[in-house]
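Q: Below are the structure tokens for one structure; questions will follow.
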Amino acid sequence: MLTVVKKKERVGKVTDKIKGIACAVPFAMKAGDEILTSSSKDVDGGTSIEQHVEQKSVWQDLLKGELTQEVEELRYETFRAEEESNNYQYIGNGVALKKKGDSNLKRKKFVQYNYDEEYSVHETLEMLNQDDDRKKDDWVTRKIFKARYSNPNTRFKLENHVYKVAVNLGEDRYSTKFYFVDDSFNRSSRPLVNLLKKTRDEIKKIEETGNDRMLSAYKERNEICSGLDEFWFKTINATNDVPNGIDYKFRGARFEGICEEDGYVVLEYSWKHFDGNILLSERFKSKTGEQKFANKEKREGYNPGFDSFVNQDPTEARDRDYDNLEEWLEGFGEE
């Protein structure tokens with residue numbers, strides 16, 4: 001009988017402890033929230049809490065669209081880091097090799113594909129807040145290529161059908177080549193491809209006659225030859241290590257010709273005027289952010305991982321430029 005009573009007493013004590021812990025949890029959580037939101041003067045370790053509040057304010061400024069110094073620095077560092085990363089090839093274990101070639105020259109000759117343009121958060125919220133329920137699901141497919149024509153009612157919008165564009169910014173000539181997929185099963189672009197081929201054949205026939213006046217009159221009436229006025233886009237995942245977000249704007253189109261190349265029908269234009277090719281870090285430059293980036297200052301709250309300390313010995317081999325991985329590995333054997 002005594003044993004049973006002692007067991008009940010033990011069970012009761014354990015139950016009371018569990019209830020006490022359960023009741024204390026909400027108050028402990030409340031106290032923790034008060035500490036995190038309080039000033040650094042109220043608690044020990046105020047520096048870490050002050051950093052937490054400061055970082056939180058930066059993100060709040062970003063959400064509100066407020067352009068503070070911290071936001072400018074963060075924006076500049078983000079763009080600059082992305083641009084610099086395109087100049088290196090990551091090997092592994094925190095090691096990267098610098099690529100060959102001048103980044104400025106790479107931005108003058110590359111290929112940009114015509115990706116779908118995503119809707120921004122602001123545009124999405126505006127559509128969802130529409131009173132008309134039908135407009136809440138009105139997601140029209142948009143392309144990153146944009147164009148303007150002399151005739152707003154032109155039959156074919158080239159920017160909706162072109163697959164990719166090859167850009168070549170020469171010293172004395174700006175040119176773009178529009179690539180259209182020559183596939184009989186591509187019903188949306190098939191009429192335009194047929195028109196391009198027809199235009200090419202008709203131009204060849206007129207050129208054979210040697211009548212320049214007739215050729216000039218034909219090009220003036222043809223929308224492919226004379227309808228395009230402006231063309232522009234922002235880079236995204238372009239070839240030749242071109243960073244994202246760079247504007248390329250062409251004005252004053254001149255028809256150069258139509259040809260076929262590897263399953264594509266290619267339409268080429270040269271341009272009188274060009275604007276753009278400015279890095280985002282140059283457009284949104286921050287003096288304080290540039291200074292921190294040059295001094296390689298560590299961001300607050302950043303703790304380097306274990307990979308940052310791996311393979312620190314062969315520094316000479318890391319700082320050199322190599323064409324391939326085999327040549328890089330051979331560098332570790334050098335004294």
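None of the figures in this text is laboratory data; all of them are computed from the coordinates on show. Just so we're clear, the structure is a prediction, and the values are computed from it rather than from any experiment. Cβ: placed from backbone, ideal geometry, glycine included. Neighbour counts: every protein chain shown.
Q: Arranged by the count of other C-beta atoms within 10 angstrom, fewest first, what order do 225, 259 take? Walk me through the intermediate numbers first.
A: Details: 225 22, 259 13.
Listing 225, 259 from fewest to most nearby Cβ atoms yields 259, 225.
Q: When the Karplus curve 6.51 cos²θ - 1.76 cosθ + 1.60 is applied with θ = phi - 60°, which whole-Hz ³J(HN,Hα) does each residue of region 173-178 get, with x for Gly and Pro?
A: The phi angles translate into 7, 10, 9, 9, 10, 8 Hz.
Q: Sort 149, 115 by Cβ crowding within 10 Å, fewest neighbours at the top.
A: In increasing order of surrounding Cβ atoms, one gets 115, 149.
Q: Still on this structure: Mean separation of Cα pairs under 8 Å and 6+ residues apart, divided by the residue count of region 131-224: what relative contact order is that in percent?
A: Values: 53 pairs, mean separation 14.6, N = 94.
16 percent.
Q: I would also like to ask the following. Would you mind getting me the FRET efficiency between residue 157 and residue 91? Use the beta-carbon distance for r and R0 = 51 Å, nearest 0.05.
A: Details: r = 44 Å, r/R0 = 0.86.
Working from the Cβ atoms, E equals 0.70.
Q: Right, another one. Measure off 7 Å from each Cα along the Cα-to-Cβ vector at residue 102 and residue 122, then give the distance between these two points in nanometres to one decimal.
A: With each label point 7 Å from Cα toward Cβ, the separation is 3.7 nm.
Q: Suppose every Lys and Arg Cβ carries +1 and every Asp and Glu Cβ carries -1, with no other charges. What dipole size does region 78-148 come out with about its Cα centre, to the nearest 20 debye? Display every interim value, and only then the final one.
A: Numbers: 15 positive and 14 negative charges, 185 e Å.
I would put it at about 880 debye.
Q: Only counting other Cβ atoms within 10 Å, I'd like 261, 256, 70 sorted with the fewest neighbours first.
A: 261, 256, 70
Q: Using Cα centres only, tell me the gap between region 140-185 and region 208-278 in whole Å.
A: 7
Q: Any chance you could count the Lys pairs in region 209-295 whose alpha carbons are under 29 Å apart, treating pairs 8 or more apart or on different chains as valid?
A: 10
Q: By the scheme Lys and Arg +1, Asp and Glu -1, what is the net charge of all other residues having a beta-carbon under 9 Å from that of residue 168? Before the final figure, lay out the partial values.
A: Numbers: positive: 108, 109, 173, 177; negative: none.
My count for the surroundings of residue 168 gives +4.
Q: Follow-up. Could I have the simple spin-label model distance between residue 69 and residue 207, label points 7 Å from Cα toward Cβ, reported in nm to one decimal?
A: So the label points at residue 69 and residue 207 sit 6.2 nm apart.
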